[in-house]
Structure formats: structure tokens, C-alpha cells
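Have a look at the structure below before the remarks.
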Amino acid sequence: MLDAPAATSTPLARLVRRLHAVPGGVYWGALGLALASLGLRLLFSPILANGYGFLLFYPAVILSAYWWGGRPALVATALSAVMVCAFGPTPLSFLDDGRALLSLAFFLISSILLVHVLSSIRERFSDLAASHARVEALATGQAELFREHAQRTTDHLQLISAILQMRAYGEEDPMAAQVLNNAASRTLLISRTHRAFTGDETRTIEFEAFGRRLADAVARRGGMDADRVLFGASGITVPVEQATALGLILLEYLTTLTACEPSPRLLVLLDAQENGRVLSLIASGGAGIPAPRDMALIEAMTEQLGGTLKINRGPTGCDVRLTFPAALQPPPRWEPLNFSLH
């Protein structure tokens, strides 16, 4: 059954809801309403003596049915009938009064009809609320599924765009480079459109927290000690698109770190500069970190960030310094072809 209207937060509404939680509380509530109606009946006794005051007991029946359901309302109806007959001007005199018996019968019949109608309405609303909850849960689940799918599609398209852009830079044929560059531009635009649908277009992520979760995931799968990856505490946030690119770069180095014996430590720092950011990956101890095998991916992500990559190679491996603008960079310039390929 439905509770009291949830839209209200008055003391009375809170009392009504609390009675639902107390075993038998709804019946005590019906009794309280009947007693309140009796108080009004006695107060207005000089005016309502001839009619036995059934009129003042209708609110007790109606409110009991509305707040607590059919059974408490029937209890309120029975109590009201007993109180009117017992506390009237001449108790039990209704047995010899035909009009009083007719008033009692009308009160009982009308009260039962009211209880039936209000109980049916409550039941319909209860079914409607349950159906709405199921539909809302289904819609929420589908929305989350769509959001996750769109997010994954966005990340993949972003990666494809970066790879196409890198291929365009390395292509000797100007026409092929233009085709690849146009494809990279369109793919990145589609990626950002997907991101806008997921609501992540303007959302930012704290990089250190994101990097720690990424390091924990790599440690669980690759047997790496997550304590050997240290992060700064700058608290800098980056757009989701930049976080994806930085995460792919960091993932390459974390994957390389798992293959090193003995395993070195990796310090990950993200610092802020004027209108820019600097990501530093610094190795220390152990055998050092060799350059990742998939440098093309790192270079592609660097190009997409609009940044510059500097790698310091030494006897203990290589340190990385990636400088990039704080704002998202526009997609590669798109230039239409002068002729059709068909």
C-alpha cells in the first residue's frame, strides 16, 4: 500500500509515516482520529444532537482510508458508529428511533463505499508507483549501458584519430597524407560528439586519482607491485579527452614496468604551467624502464594533445617529459580533396 503523500514533510505527514513502521500503529491512528471526531461531537452536541453527529465522523473514516488503507478505515467506521450511539444525548435511544437507525445505516453504507473507493485508488496508485519504479530502473539501466558503450566508442575513436594523424605526418604522398589527415579530423569530431552525448564533454578528472586506479588495475593483472608507482599530489584536473590520452601513455609505461626485473620505481607527476601542463614519468632504482615498444602510440597521443615529448635516455632507463596545452586542441585541419576517389 502507499504511504502518506511523500511530497509533504510536515510534522503530521512524518507522524503518519511513522505509524506505518509501528506494528499495529495504523489502527491506533484510526482510533485517534475517531476520538478526535468524538471530541468535536461532544463540543457541538447542542447543535447536532438530533442528527447524532455522524457528519463529524466522516473525516476520521476518510483520512484513515487515505493514509492507512481499508482495514484501519473500517475500524474507524465501527468505532465511530459505537461512539455516536454510546455518547449521544440518550445512549441506545436509536433502537427506538427510526430516523436514527436510518442515519446509522446511511453512515455505515456511505463509509463502506468511501473505504472501497479510496482503497481502490490507493491500490491503483500503488501498482502505478511499482510500475513506474520498474520502468525507471529499466530506463536507468539502459541509459547507463548506452553511456558506457558510448564512452568506450569515444575512447576507441579518439585512439583511431590519433593513429590516423600520425600516419598522415609520416606519409610521403601528399594526397594520401591529406586523406589520412581528413579522416583523423572527422574521426575526432565524431569522438567528441559521442562524448557530448554521454555528458562528459565538459567533465574533468583528477589525474592522480585516475592514474592510481590505472596502476592498481595493471598491478592486479600483471603482478606488478602497485607501491612502486608513486604519484604527486597536485590535485590537477584535466578534461576527459586529455585523461584518455594521458592514460594510454601511462598505461604503456606501466605495462613496460611489469616486465622489468628487478622492478624500478616510477614517479608520476603532473604539474601546471602557464596555460599548460607537464607530465613527468621518472624512473629510479632497479634496472630502469626501457622505452615502450609501442612508441608510435605514445607519439600519436602526444600529437593529439598538441604537446611535445622529450625522452631522456640513460643507464637506468628513460625518463619522459610531456608538455601540452591545458585546453583541448582543435581537430586536425580538414581540407577537401580536389577530385573524387571513385
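A few remarks follow.
- Accessible area (Å², 1.4 Å probe, nearest 10) - residue 117: 80
- Two-site label geometry, residue 220 and residue 321: point separation in nm, points 7 Å out along Cα→Cβ: 3.6
- Cβ-Cβ distance of residue 82 and residue 128, R₀ of 51 Å, FRET efficiency by 1/(1 + (r/R0)^6): the value works out to about 0.90.
- Accessible area of residue 328 in the full protein assembly, 1.4 Å probe (Å², nearest 10): 70
The values are calculated or read from the model by the stated rules, or taken from the named source; none is laboratory data. The shown structure was predicted, so the numbers you read here are calculated from the model rather than taken from an experiment. Positions of Cβ are backbone-derived with ideal geometry, glycine not excepted, and every protein chain shown enters the neighbour counts. Accessible surface is based on the protein model in full, side chains and every heavy atom, while ligands, DNA and RNA are left aside. Shrake-Rupley method; radii C 1.70, N 1.55, O 1.52, S 1.80 Å.
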